[in-house]
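J.: Have a look at this one before I ask anything.
What follows is calculated from the coordinates using simple rules that are stated; it is not laboratory data. On a predicted model such as this, the values are computed, not experimentally measured, just so you know. Every residue, glycine among them, receives a Cβ derived from its backbone with ideal geometry; neighbour counts consider all protein chains shown.
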Amino acid sequence: MKKVMRVVLVMVALVLLGACGNTNEQKETAETKEAAAKITIVLIEDEKEFAKKEVAVDKNESLQTVMEKNFKVEMDKDFIVGIDGHKQDAKASKYWLYDVDGKQPDVGAVEYFPKDGETITWSLNKL
């Protein structure tokens, strides 16, 4: 009888420990999602704004990944060459460039990691 009681107590303890561990994981996941940054992305072609969107950015998520999640993006190697159907045109010398709060970063979109509150403007203009 004592053996049966010990086995039952061990099983109950394992079930309780498992339930407590699961709750903590759920809290951490919710806290992580709340901590996501929010940025504004503006798209411009020939000096005319055609899209503006506020998006959530996960920690350690590159600008390229953010763009791919929120817009229809066309790539050529590591370069964005089309956004939502608006494409670069080498013959017309029109290329996509981005700036962050009015300043051009020294890295491409794959290496840039947006921060909370930033406004990222993509411009398709003649160079």
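J.: Hand me the trypsin sites (Lys or Arg not before Pro) from the stretch 30-127 located in a DSSP loop with no more than 13 other Cβ atoms within 10 Å, in residue order please.
T.: When the trypsin sites (Lys or Arg not before Pro) of the stretch 30-127 are filtered for loop state and at most 13 Cβ neighbours within 10 Å, LYS59, LYS72, LYS77, LYS91, LYS115 remain.
J.: Report the local net charge at TYR95: Lys and Arg +1, Asp and Glu -1, summed over other residues whose C-beta lies under 15 Å from its C-beta.
T.: -3
J.: A further question follows. Among ALA109, PHE79, SER93, whose Cα projects farthest towards the positive end of the dipole of the stretch 62-127, with charges put on the beta-carbon of Lys, Arg (+1) and Asp, Glu (-1)?
T.: Farthest towards the positive end: SER93.
J.: Additional query: Test of understanding: what is the full-extension gain from GLU68 to ALA36, defined as 0.36 nm times their sequence separation minus their Cα-Cα distance? Walk me through the intermediate numbers first.
T.: Numbers: separation 32, 0.36 × 32 = 11.52 nm, distance 1.70 nm.
Using 0.36 nm per residue and subtracting the Cα-Cα distance, I get 9.8 nm.
J.: ASP116 to MET75: extension gain in nm, 0.36 nm per residue of separation minus the Cα-Cα distance? Spell out each step's value before the answer.
T.: Numbers: separation 41, 0.36 × 41 = 14.76 nm, distance 2.54 nm.
Going from the current span to full extension adds 12.2 nm.
J.: Relative to a virtual label point 7 Å from the Cα of LYS87 in the Cα→beta-carbon direction, which members of the stretch 44-72 show backbone nitrogen distances below 19 Å?
T.: Residues 44-46, 68, 71-72 qualify, since their backbone N sits under 19 Å from the label point.
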